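What follows is a set of notes on a single structure, which appears directly below.
The values are calculated or read from the model by the stated rules, or taken from the named source; none is laboratory data. All figures in this text were calculated on a predicted structure; none of them were measured in a lab. Cβ atoms come from the backbone with ideal geometry, glycine included; neighbour counts cover every protein chain shown. The accessibility values were calculated without ligands, DNA or RNA, using every heavy atom of the protein model including side chains. Shrake-Rupley method; radii C 1.70, N 1.55, O 1.52, S 1.80 Å.
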Amino acid sequence: MSRSLLSIDELGADGVHRILELADTMAEVNRRPNPKVPALRGKTVCSVFFEDSTRTRLSFETAAKRLSADTMTFAVSQSSLKKGESLKDTIETIAAMGVDAFVIRHASTGAPWLVDGWTNASVINAGDGWHAHPTQALLDMFTIRTALNRTGGFDGLRVAIVGDIKHSRVARSTTAAFCAMGADVTWVAPRTLLPPVVHQHTTDRLDDIIEDLDVLYLLRMQNERMTEALVPGPREYTARFGLTAARAARLAPHALVMHPGPINRGVEIAVDPAELPGAVITQQVTNGIAVRMAVLFDLLGSESTLSEGTPT
Ligand code: CP
């Protein structure tokens, strides 16, 4: 078992299975009146976010607290990085205070691998550049597995990942994860929003496949990562790739609508998600806590500290 979680590929099929099983246990903890267990008492988890985040940062901090770990939050804008201290010196300084796990988000691809080489603590990749976001993929798998009762795997599951795939670490990690579970994944995007290395199944015609889908996974248009205009405009994008009321009416009754958040309302979703029976976007957020508890426990815990009936 690895000391760190950096990508879905490194976690492997056994690791994915282990985390999803653990997440079932953590979801049960989260349904208790007092959703807290002493599983990571004495451990310290430090969040180091160089990019903005609402879901990932707060759910990791909540997950650590529900496992009784101590938490540290590193505020980049108030740190000695501003005085020119290097990332390596910063990580080594925090590690010297006694940290068991770093949760790191960074705009540069590969930064979590560098950090992993500088510390004996566990390192969890909370998103690096356009590259990877493994815990998002895990929580998405957990959400599909739960909502569609797919505990045996995703064989034959028809998934479309729609939108700005070029800039999306979520698309890369979810594609790797869903395919490893046996799903049939199609990328749906204008050519300008596809990466140079193209996935096997790709189309720019969402309307041709929408009725056959089990999962419609919408991505955010990541304007902060675009240096040029890659689509004519949001209205044209919505007309061809957005979830409009007309497209929502063509989804199969069991089909799930997913989005990693944050949503550009009116662009990738032009209907109120709360009115879509298959939307599991809120469940994705809720499941993020159970899955991140599972990841932290997998890296830092031991079975003897997760016995039932030992809530704090
Ligand atoms: N999905 C996701 O990573 O959201 P945040 O940027 O809010 O963490």
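Key figures
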{"read-out": "Some residue of the range 87-101 being among the β-branched types (Val, Ile, Thr) and within 16 Å of the chain's Cα centre (by Cα)", "value": "no"}
{"read-out": "Residues that are more than 17 Å from the chain's Cα centre (by Cα) and either within 19 Å of residue 112 (Cβ to Cβ) or open to solvent by 60 Å² or more (accessible area, probe 1.4 Å) (or both), drawn from the range 29-68", "value": "31, 33, 34, 36, 41, 42, 43, 44, 45, 46, 65, 66"}
{"read-out": "Selection count where residues are in a helix (DSSP H, G or I) and over 24 Å from residue 29 (Cα atoms), scope the range 274-291", "value": "2"}
{"read-out": "Condition broken by residue 197, with the remaining ones in (1) in contact with a Ser or Thr (Cβ under 6 Å, 6 or more places away or on another chain); (2) away from the ligand (no atom under 14 Å from the Cβ) satisfied", "value": "(1)"}
{"read-out": "Residues within the range 160-195 that are charged (D, E, K, R) and either part of a helix (DSSP H, G or I) or outside the structural domain of residue 209 (by TED's automatic domain parsing) (or both), tallied", "value": "3"}
{"read-out": "Flag if residue 146 is touching a Gly at 6+ places or on another chain (Cβ under 9 Å) and not hydrophobic (A, V, I, L, M, F, W, C)", "value": "no"}
{"read-out": "Whichever residue in the range 101-130 is part of a helix (DSSP H, G or I) and within 16 Å of the ligand (Cβ to nearest atom) and, among such residues, is surrounded by the fewest Cβ atoms within 10 Å (Cβ to Cβ)", "value": "111"}
{"read-out": "Complete set of residues in the range 131-175 that are open to solvent by 10 Å² or more (accessible area, probe 1.4 Å) and at pLDDT below 95", "value": "151, 152, 153, 166"}
{"read-out": "Residue that is nearest to residue 292 (Cα to Cα), among those in the range 69-100 that are loosely packed, with under 12 Cβ neighbours inside 10 Å and out of contact with any helix residue (DSSP H, G or I) (no Cβ under 9 Å at 6 or more places or on another chain)", "value": "75"}
